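The values are calculated or read from the model by the stated rules, or taken from the named source; none is laboratory data. Note that the coordinates shown come from a computational prediction; the quantities given were computed from them, not determined experimentally. Cβ sites come from the backbone with ideal geometry, for glycine too, and all protein chains shown count toward neighbours.
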Amino acid sequence: MTRQRRTDQETAARMMADIEPAYTDQQAQVEADRCLYCFDAPCIMACPTGIDIPAFIKKIAVQNNRGAARTILSSNILGASCARVCPTTVLCEGACVLQDRDQKPIKIGRLQRYATDAVAGKEASLLEKPAAATGKKVAVIGGGPAGLGCAAEMARLGHAVTIFERRPEAGGLNTYGIAYYKLTPEVSLDEVEVVKSLGVEIRCGVEVGVDLPMADLQKDYDAVFLGVGLGHTYTLGIPGEDLPEVMEALAFIEEIHTQPLHEVAVGEHVVVIGCGNTAIDAVTQAKRLGATSATIVYRRGEKDMPAYAYEYEIAKADGCGFVFHAAPVEVLGESSVTGLKVIRTEPDAEGRARPVPGSESVIPCDMVIKALGQEKQVQMLQTLLPDLALDAKGRVVRDEKTGQTSVPGVFAGGDAANGGREVVNAVAEGKKAARGIHAALCGDAVEGPVQHTRVGVPGSKPVGSGLDRPVRVPEAEAEYYAAKGER
Amino acid sequence: MADLSINLAGIRSPNPFWVASAPPSNTAYQCHRAFEAGWGGVVWKTIGDPIVNVSSRYSSHNVGGMRMVGFNNIELISDRSIEVNFKEIKECKERWPDRAVIASLMTDTRENWHDMMKRARDAGADGVELNFGCPHGMCERGMGSAVGQNPDVIETIVGWVMEAAEIPVIVKLTPNITDITQPARAAKRAGADAISMINTINSVTQVDLDRLVPEPYVDGKSAHGGYCGPAVKPIALNMVHSCAADPDVQLPISGIGGIGNWRDAAEFIALGSTSVQVCTAIMHYGFRIVEDMIDGLSNYLDDKGMDSVNELCGKAVKVVDRWETLNLNYKRIASIDYDKCIGCNLCYVACEDGAHQAIALTEAGERGLGPGRLPGKPIPEIKDEECVGCNLCSIVCPVDQCITMVDVDTGKPPMTWKEYQEKLASGEMKPIPAHP
């Protein structure tokens, strides 16, 4: 039992192929024709980047794929990757009115992929030419979705933008950290090229604060955007955690994205600790790359898991195992992992998982993957900017609409500011911050794009303009009722 | 079970469903298949001097992924010999004595019409249909719609035909004319036994945007074709009704145009058709569709307590009247069922941009959340006082019975435009103020 290659090239390619294959022209037509073309459509409201979804779908229906792609990308520069990784069932598709008529929402994500695939490699030529140069320079720290979203919007507004990315490639989690069967690095890197083609300079392999003093950036640039994301996975703090076959989920996924698929080594029996979406990505890919068994260990119950229901379904369909109400106690093994000792848990009065004394057991395994969520980069941020205000959870405090932080000239968005949400939220926050920076540098407010001639309720939040307001999400509705004092 | 049998000017068939004169009625083989499937009659593909056809011949108007919403063709009449056609009619009639077999005819001179009438009778046809409608090819040679567009010529030719007629004569009319009642009256004057309508409508269905040539494509060119299929039904219903309601026509009608199911058929019958003819739907789905046409019509008649299809015939003719006879004091307005509304707001934008600005978008308010009612999302609300009852919102609403039109009591007695004019003239009432 050891961590080793367990598949061949052909099998790996098949197992890791698109989980949802691209639509053919006719499949896209049939699906697009189903769209009602709602006015003030809920799907637009549910999209953090406010893509005019009915408009792009109707363009697909009449075979104007280039126009469809332009509609998407002008709102969301990472439209191709979002088409693949967005939790559409709780965002746009979750808001589709057809759910209330015949329980079958429009497959918006797949249509978005169809439209963006149609222009893959030539997206930049689709977009409106950047505005006249403003002469302002903006530095973006972090080339992930937030940084790219911010940089693209800034470039289109006429600013000179430089992204500083510490890794060899930009794209962040899109390039390194999403299940391969959902998003390949190629799609992400294509998007990076589009951002570059807008005139954005991307300097990879440069870590601000290490290779380049923060003060230089503040001195040389008119504004700085922080899109640094999150840090390492939380540690378990249990014996055996430093054994060589214990690894972070994101490191495991990064290996998948930086090596030939069949060369990625996995254990024969893999245990993944945690039950979020990254845990699902890890357990399914371990299984697909040849592990005989791949099992999630989660200290709480099935209904408590943070993973989306459709992600859970993928893992079950892949034959992954689930051990609920079990907390890790010790990783067993002398020089390599032989098992994971767990203890059964029970919810206490507050619903927290409490270990039940004497209920220990051992799950034999030869590889342990930790998917416990990522830490905030508190120390790094405090070193970079001692005056930067962070909240109690370590998130960068910023104005939600403009991204402005407590430090003048410094703006923030994405996981570092929101604590860890979806790619699409990061893009939207980057975009909003770009507009905030633009307003701060040039005094101009930028809005939209929004659906033409739309009408909202006076006084309510703007709709479809990128203010994240997911609908058909239980929390959002609960929040609404709470505000109304109902229920 | 209701009696579906009909008698159209002496032509009897066990049900009102006839295969129209067209590609599906080209051969005895097809007619056998049609009768096996249950069709009550077949109008043979038009017989005349054999022609030469082109390739290709058909084209489609597709809407939102739905095929053949409209359909056209540039195929001419039968390309088989007159002898073979009449021989096969005879075979069919002998094998299916209870069904109607009608010979569709097209020729030119008085002698030729007499000859064709004799051959049709000798073949045992139950009747003939004179093709005065075909709008492509044959009309360029002075036949088909070239006849149907000229009431005087209709009268002359039908007169020739009637000289030799020993079996019922149906005159098939072209819709490519301003007033369908004029050729219908001409047929009546000349002694025709019945009329059928509509033949196909002049059309170009689509232009191929790559080679910039319409379909059907024939070696770099195309031609106007005859249009049919579901899209022509409203036009056909209008013409059937016009003839059914005209006191100077008063001939039995065989209705044609976009009929594909029992509901379409029932509508044609209600507006005055005795039989109905079907082509495009057969070309799309085959003869089997008649099974539900028979079943559905029968169930409908039973549900409505009608013993026979003849009871339905013409039932809706009288209520379709001149505009000036409509009640100006009748009012209906739209009403939204918020338990059904899914929040697409199509009603709002349709009314706002396309009609009368009588729907507001407002906060969900006391209605709270629910289908179509999301945080921060406005909902449509009818402005009762602005609503003119045009129906548009209820038409665009994608949910059945979500927006219904509700009668409003105006408290005023019925008044037609004619009566209004009289009252204005007599000074009994002042003009109704113009809409602001």
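Taken over the range B:162-188, the criterion of being in contact with a strand residue (DSSP E or B) (Cβ under 7 Å, 6 or more places away or on another chain) and crowded, with 24+ Cβ neighbours inside 10 Å is satisfied by B:Val169, B:Ile170, B:Val171, B:Lys172, B:Leu173, B:Pro175, B:Ile180, B:Ala184, B:Ala187.
I'd like to know if the range B:360-370 contains one or more residues that are farther than 30 Å from B:Met239 by Cα, modelled with pLDDT under 95 and of a type in the set (Ser, Thr, Tyr).
Yes, the range B:360-370 contains a residue that is farther than 30 Å from B:Met239 by Cα, modelled with pLDDT under 95 and of a type in the set (Ser, Thr, Tyr).
Only one entry of B:Gly142, B:Gly191 meets the criterion of being closer than 22 Å to B:Leu8 by Cβ, surrounded by fewer than 19 Cβ atoms within 10 Å (Cβ to Cβ) and of a type outside the set (Lys, Arg), and that entry is B:Gly191.
So that you can scan it fast, the table gives a plain yes or no per residue for (1) among the aromatic types (Phe, Trp, Tyr); (2) touching a Gly at 6+ places or on another chain (Cβ under 7 Å):
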| site | (1), (2) |
| --- | --- |
| B:Ala146 | no, no |
| B:Gln149 | no, no |
| B:Thr156 | no, no |
| B:Trp160 | yes, no |
| B:Ile167 | no, yes |
| B:Ile170 | no, yes |
| B:Leu173 | no, yes |
| B:Gln182 | no, no |
| B:Ala186 | no, no |
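Within the range A:242-265, the set of residues being within 15 Å of A:Lys370 (Cβ to Cβ) and of a type in the set (Val, Ile, Thr) comprises A:Val246, A:Ile253. Go through the residues of the range A:43-56 one by one and say whether even a single one is more than 14 Å from every other protein chain (Cβ to nearest Cβ), closer than 28 Å to B:Cys347 by Cβ and outside any loop (DSSP other than H, G, I, E, B). Yes, the range A:43-56 has at least one match.
Conditions first: (1) buried (at least 21 other Cβ atoms within 10 Å of the Cβ); (2) assigned by TED's automatic domain parsing to the domain that holds B:Pro413. B:Asp264 passes all but one, so which condition is the exception? Of (1) buried (at least 21 other Cβ atoms within 10 Å of the Cβ); (2) assigned by TED's automatic domain parsing to the domain that holds B:Pro413, only one is false for B:Asp264: (2).
Of all residues in the range A:175-218, those satisfying the criterion of being in contact with a Pro (Cβ under 9 Å, 6 or more places away or on another chain) and surrounded by fewer than 19 Cβ atoms within 10 Å (Cβ to Cβ) are A:Gly199, A:Cys204, A:Gly205. Within this structure, A:Gly143 fails the test of being modelled with pLDDT of 95 or more and at positive phi.
Could we say that A:Lys393 is under 21 Å from A:His159 (Cβ atoms), free of Cβ contacts under 8 Å to residues at least 60 places away in the same chain and among the charged types (D, E, K, R) here? Taking the combined requirement at face value, the residue does not satisfy it. Per this entry, B:Leu271 is counted among residues that are surrounded by 19 or more Cβ atoms within 10 Å (Cβ to Cβ), over 21 Å from B:Ser21 (Cα atoms), under 12 Å from the mean Cα position of the chain (by Cα) and not aromatic (Phe, Trp, Tyr). Screening the range B:36-80 for residues that are more than 30 Å from B:Asp98 (Cβ to Cβ) and of a type in the set (Lys, Arg) and picking the one that is surrounded by the fewest Cβ atoms within 10 Å (Cβ to Cβ) gives B:Arg67. The residues in the range A:82-98 that are in a helix (DSSP H, G or I), closer than 22 Å to B:Gly343 by Cα and not acidic (Asp, Glu) can be counted, and the count is 4. Of the strands (runs of 3 or more DSSP E) entirely within the range B:332-436, those holding at least 2 residues that are at the interface with chain A (Cβ under 10 Å from one of its Cβ atoms) and closer than 30 Å to A:Gly94 by Cα occupy B:359-362, B:379-382.
Counting only residues that are more than 25 Å from B:Gly159 (Cβ to Cβ), without any contact (Cβ under 8 Å) to a residue 40 or more places away in the chain and under 29 Å from the mean Cα position of the chain (by Cα), the range B:74-123 holds 3 of them.
Filter the range A:70-81 for residues that are modelled with pLDDT of 95 or more and either assigned to a helix (DSSP H, G or I) or surrounded by fewer than 21 Cβ atoms within 10 Å (Cβ to Cβ) (or both) and give the result. A:Gly79, A:Ala80, A:Ser81, listed by residue number. Screening B:Val249 on (1) assigned to a loop (DSSP other than H, G, I, E, B); (2) farther than 27 Å from B:Lys318 by Cα; (3) among the β-branched types (Val, Ile, Thr) shows it passes everything except condition (2). If you check A:Asp40, A:Asp102, A:Asp33 for being touching a residue at least 60 places away in the same chain (Cβ under 8 Å) and over 20 Å from the mean Cα position of the chain (by Cα), only one passes: A:Asp40.
When each of B:Asn299, B:Asn310 is tested for being farther than 16 Å from B:Trp39 by Cα, free of Cβ contacts under 8 Å to residues at least 60 places away in the same chain and either assigned to a helix (DSSP H, G or I) or of a type in the set (D, E, K, R) (or both), the lone residue that passes is B:Asn299. Tallying residues that are buried (at least 24 other Cβ atoms within 10 Å of the Cβ) and either more than 10 Å from chain B (Cβ to nearest Cβ) or among the polar types (S, T, N, Q) (or both) within the range A:6-34 yields 1. Being away from chain B (no Cβ under 14 Å), out of contact with any His (no Cβ under 8 Å at 6 or more places or on another chain) and of a type in the set (Phe, Trp, Tyr) is a property that does not hold for A:Tyr37. The listed residues are A:Arg110, A:Arg101, A:Arg66, and the only one of them that is within 14 Å of chain B (Cβ to nearest Cβ), among the charged types (D, E, K, R) and assigned to a helix (DSSP H, G or I) turns out to be A:Arg101. Given the condition among the acidic types (Asp, Glu) and touching a strand residue (DSSP E or B) at 6+ places or on another chain (Cβ under 8 Å), answer yes or no: does some residue in the range B:296-304 qualify? The answer is no, given that none of the residues of the range B:296-304 is among the acidic types (Asp, Glu) and touching a strand residue (DSSP E or B) at 6+ places or on another chain (Cβ under 8 Å).
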